[in-house]
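Heads up, the thing below is written out as structure tokens.
Taken together, the values in this text are just the output of simple stated rules run on the coordinates, not laboratory data. Values in this document were obtained by computation on a predicted structure and should not be read as measured data. Here Cβ is always computed from backbone atoms with ideal geometry, including for glycine, and neighbour counts include all displayed protein chains.
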Amino acid sequence: MERGFEEGKAQRNWLESLGEKIPGFRGFQDRELRREVDKLQREYLASEVTRLKSTLRARAERYTDAGRIGVLHLFDRLDRRMDGVARAVRFSDYGATGFFDVVKVDEAALEELYRYDLTLLEDLSGLADDLAAIPLPDDGDPEEALEAALERLQRLEAKWAAREGAVNKVVQTAGG
């Protein structure tokens, strides 16, 4: 997220650069840029979870086609949880919180939030690995791999829910 914010700042046009000279305008620009980067990140995370859901469903279809329906409840549970995470990420609205309203942001707290967001991306990558480790129907029992994917997804879900606390820390340190 930090890299996106810095790249966005670097791509400002001459009018925006001129606006930086106006007192208070730079804070407004940075606030809007943070809002846009946060939205892009949330959309990316949600779309990746949705893409991984497609991977999971394709693997579940292979089990259905092979007549191995005894494990489909695990596929279904993971599918429903992934759907919930994608919705939570996509429809969370941090744009209305104080994180975007403050003009001065504590850079150390913001850096911590960006590191936190990076761990979300790493967890998502790990989930992709977990799904890839689900064996094909003729290659073994998928239960262990599905349980591992479910555990990782639960950790990702908890991290996302806790992200609001990280955002609030930025706001508190900036406001105080």
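Descriptive notes on the structure:
- For Glu61 and His73, the difference between the fully extended length at 0.36 nm per residue and the C-alpha to C-alpha distance is 3.1 nm.
- Among Tyr63, Tyr44, Tyr116, sorting on how many other beta-carbon atoms sit within 10 Å of each Cβ, with the fewest leading, yields Tyr44, Tyr116, Tyr63.
- The distance between label points at Asp139 and Leu118 comes to 3.2 nm (points 7 Å beyond Cα on the Cα→Cβ vector).
- The modelled label-to-label distance for the pair Glu111/Glu43, using points 7 Å beyond Cα in the direction of Cβ, is 3.0 nm.
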